[in-house]
Amino acid sequence: MTEAELRELICEVGRRMYARNLVAATDGNISVRLGPDRFLCTPSGVSKGFMRRQDLVIADGRGHRIAGENRVTSEFFTHLAAYEERPDIAAVVHAHPPMAVALMIAGRGMTEPVLPEVVMALGAVPTCAYATSGSREGAAVVRELIRTHDAVLLDRHGSLSVGPDLLDAYFKLEKIEHAAQTLWAAQALGTLRVLDASQIARLRESGANYREGGE
Ligand SMILES: [Zn+2]
């Protein structure tokens, strides 16, 4: 993808995040890796629902702005931590999905294997330790879990999902919130029926077969 196409895609993903209530006001941020020390990211203080391509900024691997008029978001350090831990990823999406955050605040979290589709696509979605939003500490607390998970929750804050491209990272966010809505409804109706160990093992096997078959 060219940089112009990536700018357009970031704006489109931002509009969808805003329209789907995954962020409010100027919340959330999106970045993609353009090169080894070059990242295209959403700016500070601009609504994800109303971004223009020229609003985006380019930052280096220390979080310094290289190009663009706006400020780099303070939460970009959290994105950088993910890029440092995961050389395989090229996109990071941070949002405030309300139902997923509500489950986490209530202490239910999203680590229980209930929905096969979510187990296959995401595995568990663990919650990182609490940290002040946008602080260096916020970047530090995601490092360990993002090494082994493509999506994590930030304690009493939001979500962080990563992927080899932007749509992949964004779809993980959609899946988190969709799963959270289903889990919440199920909990309101009764007890969650969790997948057992053999069911999870078979899912993992079929996942491996599916990937092998697709090559
Ligand atoms: Zn946030």
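The values are calculated or read from the model by the stated rules, or taken from the named source; none is laboratory data. Quantities reported herein were computed from a predicted structural model and do not represent experimental measurements. Every residue, glycine among them, receives a Cβ derived from its backbone with ideal geometry; neighbour counts consider all protein chains shown. Note: accessible area is taken over every heavy atom of the protein model, side chains too, but ligands, DNA and RNA are not part of it. Shrake-Rupley method; radii C 1.70, N 1.55, O 1.52, S 1.80 Å.
Things to note:
- Hey, Leu183 in contact (Cβ under 8 Å) with a residue 12 or more places away in the chain, in contact with a helix residue (DSSP H, G or I) (Cβ under 8 Å, 6 or more places away or on another chain), outside any strand (DSSP E or B) and open to solvent by 60 Å² or more (accessible area, probe 1.4 Å) or not: no
- Residue check, Ala25 part of a loop (DSSP other than H, G, I, E, B) and open to solvent by 50 Å² or more (accessible area, probe 1.4 Å): yes
- Of all residues in the stretch 147-159 being closer than 13 Å to His79 by Cα and more than 15 Å from the ligand (Cβ to nearest atom), the one that is least open to solvent (accessible area, probe 1.4 Å): Asp150
- Figure legend. Inter-residue proximity from the stretch 78-105: first residues free of Cβ contacts under 8 Å to residues at least 60 places away in the same chain, second residues open to solvent by 10 Å² or more (accessible area, probe 1.4 Å) and among the acidic types (Asp, Glu), beta-carbon distance below 8 Å, spacing 6+ or different chains. Indicated pairs: Met104/Asp155.
- In the stretch 1-22, the residue that is least open to solvent (accessible area, probe 1.4 Å) out of those that are within 16 Å of Ala91 (Cα to Cα) and assigned to a loop (DSSP other than H, G, I, E, B) is Thr2.
- Residue among Ala139, Ala169, Ala179 that alone is modelled with pLDDT of 95 or more and within 16 Å of the ligand (Cβ to nearest atom): Ala169
- Here Leu195 qualifies as modelled with pLDDT under 95, in contact with a Pro (Cβ under 6 Å, 6 or more places away or on another chain) and not β-branched (Val, Ile, Thr).
- Residue check, Pro126 of a type outside the set (Val, Ile, Thr) and either at positive phi or open to solvent by 20 Å² or more (accessible area, probe 1.4 Å) (or both): no
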